[in-house]
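**Q** Below is one structure. I have some questions about it.
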Amino acid sequence: MNTFDVVVLGGGSGGYAAALRAAELGKSVALIEKDRLGGTCLHRGCIPTKALLHTAEIADHVREAASVGVDATLTGIDPARTAAYREGIVAKKYKGLQGLVSGRGITVVAGEGRLGADRAVIVGEDVYQGADVVLATGSYTRTIPGIEVGGRVLTSETALELDVIPNSVVILGGGVIGVEFASVWRSFGAEVTIVEALDHLLPAEDETSSKALERAYRRRGIQSKLATRCEGVTTTDAGVSVALSDGTTVDAEYVLVAVGRGPVTAGLGFEEAGIALDRGFVVVDERLQTAVPHVWAVGDIVPGLQLAHRGFQQGIFVAEQIAGLSPIAVPESSIPRVAYSHPEVASVGLTEAQARAAHGDAVVAYEYNLAGNGKSEIIGTGGIAKVVRVANGPIVGVHLVGDRVGELITEGQLAVGWEAHPEDLAPLIHAHPTQSEALGEAFLALAGKPLHTV
Ligand code: NAI
């Protein structure tokens, strides 16, 4: 028997953050991981896909180089060298993470763990006993019943490993994964069709953002079939044939299934140990404790936004409670969300519709068009900066569309998280020329003193 203050099951963003913070606070920690530390985000998600998006951005820049007076010709994209660049980034970050974890004295256990009774975690023949246990087993790609994944039917994991540039792709699901891969493949020259069951791309976002993205994608030649479902996929010699609920079929070389991710909680002994599950997600209280005292859950297995940075925050939050501190829970509504597509879509807080549902008519929204922003004009991006406030009250939502706006959402997060009023922010100066001025203009307008707008 191995005894630790904290046993963490799963070494992804949520699990390793909990382990690092607990160790920093003087706890002995075992971190159990069946694959590689860093999990989905580092190896199959955030990091490699953003590297792929960077390659796509460079391809677009080369294509558009002549418009700024640079003569360059895009002669090709080499999947092997693209992969080498991407894998190099992942390898460096992985090495850094391993160093960090061992530097804090954390015991990393390689193997698949299973929760037993009384806060024991069983790995093969070994038992790791924790005074506290943190469950952080992450998520898997959901599929559509009747559609078998494999071969030309891709998931985000296999799409990353594709060693050819596809000529045509149908993407099932217009959520974050769908719009990011659509962006990459279009930049690489593919014909792309997105099939989304709901009325808009990124349907959880403010409608203004979704519509702005849809317009931008139309201009890029990306087809979107909205309010349309996939009825079935047939594999042919040349690729796939996708039958849609509007009676049409779309043929392509590949189809990507991106209809959401489910929690990894089955077959791990959770329910037998007394943990309550709801549709596979772990039921927790507001302090992220499960139905079993001293067993906590973090990351994608907890209902809510499935984002790496939420996992980090939850891991830290749980570790601090285990160490006897009283951390403040960050509400889900002040977690920033970014789709790293071209253009990017970034947001924090309530959509205008949600704000109206919560506050009735006492809501004011202001939309600034990036066409008026010098830096956006220089880098050749259009888009919007929309700020939603309660009348005479705080800012409750910030919604941005445009290249590079993901970097601006931090300011929106501070505004929403600190419940700032536009009048508090109006005196603060934004450097000129930056894209952040778009937010400054929206704050000024909402404070009743517009500068470059009416
Ligand atoms: P998602 O939940 O964001 O989007 C799935 C979309 O598929 C939804 O819009 C849904 O309406 C649609 N859909 C469901 N069934 C369908 C069907 N049969 N036919 C057509 N459309 C259908 O899930 P996604 O994009 O797979 O991403 C999974 C998770 O990974 C998300 O929670 C996301 O937040 C996270 N992620 C975050 C990224 C980021 O922050 N940049 C990047 C990639 C993933």
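The values are calculated or read from the model by the stated rules, or taken from the named source; none is laboratory data. These numbers come from a predicted model, not from an experiment. Note: ideal-geometry Cβ built from the backbone for every residue, glycine included; neighbour counts use all protein chains shown. Remember, those area values only see protein heavy atoms, side chains included, never the ligands or the DNA or RNA. Shrake-Rupley method; radii C 1.70, N 1.55, O 1.52, S 1.80 Å.
**Q** Kindly provide the GluC sites (Glu not before Pro) of the stretch 135-175 that DSSP labels as loop, not H, G, I, E or B, and whose Cβ sees at most 13 other Cβ atoms within 10 Å.
**A** Numbers: sites: Glu148, Glu157, Glu161; in loops: Glu148.
When the GluC sites (Glu not before Pro) of the stretch 135-175 are filtered for loop state and at most 13 Cβ neighbours within 10 Å, Glu148 remain.
**Q** Obtain the nm distance between the two label points defined at Thr453 and Thr249 by a simple spin-label model: each point lies 7 Å from its Cα along the Cα-to-C-beta direction.
**A** 4.8 nm
**Q** Label-point separation (nm) for Asp78 and Glu271, each offset 7 Å from Cα along Cα-to-Cβ?
**A** Placing both labels 7 Å beyond Cα along the Cβ direction yields 5.2 nm.
**Q** With all pairs of different alpha carbon atoms counted, what Kirkwood hydrodynamic radius in Å does the stretch 166-205 show?
**A** 10.1 Å
**Q** Would you list which aspartates and glutamates come within 16 Å of Lys375, measuring only between C-alpha atoms, while excluding same-chain residues fewer than 8 positions from it?
**A** Correct list for Lys375: Glu344, Asp403, Glu407, Glu437, Glu441.
**Q** Full-extension gain between His432 and Ala371, please, as 0.36 nm times their residue separation minus the C-alpha to C-alpha distance.
**A** Full extension from His432 to Ala371 adds 20.4 nm.
**Q** Please compute the per residue accessible area over the chain with all protein chains in place, 1.4 Å probe, rounded to a whole number of Å².
**A** Solvent-accessible surface per residue comes out at 45 Å².
**Q** Given a cut-off of under 8 Å on Cα pairs at least six residues apart, what relative contact order in percent is computed for the chain? All intermediate terms of the calculation are to be shown ahead of the outcome.
**A** Numbers: 978 pairs, mean separation 67.6, N = 454.
Once normalised by length, the contact order is 15 percent.
**Q** Could you run the Karplus curve 6.51 cos²θ - 1.76 cosθ + 1.60 with θ = phi - 60° over the stretch 279-291 and give me ³J(HN,Hα) per residue in whole Hz, x for Gly and Pro?
**A** Using θ = phi - 60°, the values come out as 6, x, 7, 7, 7, 10, 8, 5, 9, 6, 8, 7, 5 Hz.
**Q** I would also like to ask the following. Lys/Arg Cβ at +1, Asp/Glu Cβ at -1, dipole of the chain taken about the Cα centre: which of Ala51, Gly151, Val184 is farthest positive-ward?
**A** Ala51
**Q** Applying the Karplus parametrisation 6.51 cos²θ - 1.76 cosθ + 1.60 with θ = phi - 60° to the phi angles of the stretch 117-122, what ³J(HN,Hα) value in whole Hz is obtained for each residue in order, glycine and proline being reported as x?
**A** Result, rounded to whole Hz: 6, 6, 6, 9, 10, 9.
**Q** State, to one decimal in nm, how far the label point of Arg36 lies from the label point of Ala362, with both points 7 Å from Cα in the Cβ direction.
**A** Roughly 5.2 nm, to one decimal.
**Q** Treating only the Cβ of Lys, Arg, Asp and Glu as charged (+1, +1, -1, -1), what charge dipole size does the chain show about its Cα centre? Round to the nearest 20 debye.
**A** The dipole magnitude comes to about 500 debye.
**Q** Given the Cα-Cα distance of Lys92 and Glu332 and 0.36 nm per residue of separation, how much length would full extension add, in nm?
**A** On the way: separation 240, 0.36 × 240 = 86.40 nm, distance 3.09 nm.
Between Lys92 and Glu332, full extension yields 83.3 nm more.
**Q** Compute the FRET efficiency between Arg279 and Ser67 as 1/(1 + (r/R0)^6), taking r as their Cβ-Cβ distance and R0 = 56 Å, and round to the nearest 0.05.
**A** FRET efficiency, Arg279 to Ser67: 0.70.
**Q** Work out from phi, with θ = phi - 60° and the Karplus expression 6.51 cos²θ - 1.76 cosθ + 1.60, the ³J(HN,Hα) of each residue of the stretch 210-226, listed in order in whole Hz, and give x for Gly and Pro.
**A** Along the stretch 210-226, the couplings run 4, 5, 5, 5, 4, 4, 4, 5, 4, 5, 7, x, 8, 7, 10, 9, 8 Hz.
**Q** Can I ask one more? Considering only protein heavy atoms and a 1.4 Å probe, what is the carbon-and-sulfur percentage of the accessible area of the stretch 264-404?
**A** That share works out to 56 percent.
**Q** Excluding Asp424 itself, calculate the net charge of residues whose Cβ lies under 15 Å from the Cβ of Asp424, where each Lys or Arg counts +1 and each Asp or Glu counts -1.
**A** On the way: positive: Arg389, Lys449; negative: Glu411, Glu419, Glu423.
Around Asp424, the charge tally is -1.
**Q** Can I ask one more? Using just the C-alpha positions of the stretch 153-259 as equal point scatterers, what log10 of I(q)/I(0) does the Debye formula give at each q in 0.12, 0.14, 0.21 1/Å?
**A** Treating every Cα as an identical point scatterer, log10 I(q)/I(0) equals -0.35, -0.48, -1.10.
**Q** Could I ask something else about it? Hey, in the chain, which Cys have no second cysteine's beta-carbon closer than 4.7 Å?
**A** Isolated Cys, the chain: Cys230.
**Q** Please list, in order, the residues from the stretch 33-65 whose amide nitrogen is less than 19 Å from a point placed 7 Å along the Cα→Cβ vector of Asp126.
**A** 33-39
**Q** Given a Förster radius of 25 Å and the C-beta distance between Glu207 and Thr143 as r, what FRET efficiency does 1/(1 + (r/R0)^6) yield to the nearest 0.05?
**A** According to the calculation, E is roughly 0.30.
**Q** Here's a follow-up. Could you sort Leu451, Leu37 by their accessible area in this structure, using a 1.4 Å probe and putting the largest first?
**A** Output order, biggest surface exposure first: Leu451, Leu37.
**Q** Ok, one more. Could you work out the local net charge near Leu37, counting Lys and Arg as +1, Asp and Glu as -1, over the other residues with Cβ closer than 12 Å to its Cβ?
**A** The answer is +2.
**Q** OK, next. Enter the Cα centre distance for the pair the stretch 303-354 and the stretch 82-152, rounded to the nearest angstrom.
**A** Taking the Cα centre of each part, the stretch 303-354 and the stretch 82-152 sit 21 Å apart.
**Q** Sorted from largest down, what three extents in whole angstroms do the Cα atoms of the chain have along their principal axes?
**A** 66, 62, 43 Å, listed from the longest principal axis down.
**Q** What does the extension gain come out to for Leu305 and Asp424, with contour length at 0.36 nm per residue minus their alpha carbon separation?
**A** 39.9 nm
**Q** Given the chain, what percent of its DSSP beta bridges are antiparallel, to the nearest 5?
**A** So the antiparallel bridges in the chain amount to around 60 percent.
**Q** How large a share of the accessible area of the stretch 59-175, in percent, is made up of carbon and sulfur atoms when the probe is 1.4 Å and the other protein chains stay in place? Can you show the working numbers first?
**A** Details: 3280 of 6350 Å².
Carbon with sulfur: 52 percent of the solvent-accessible area.
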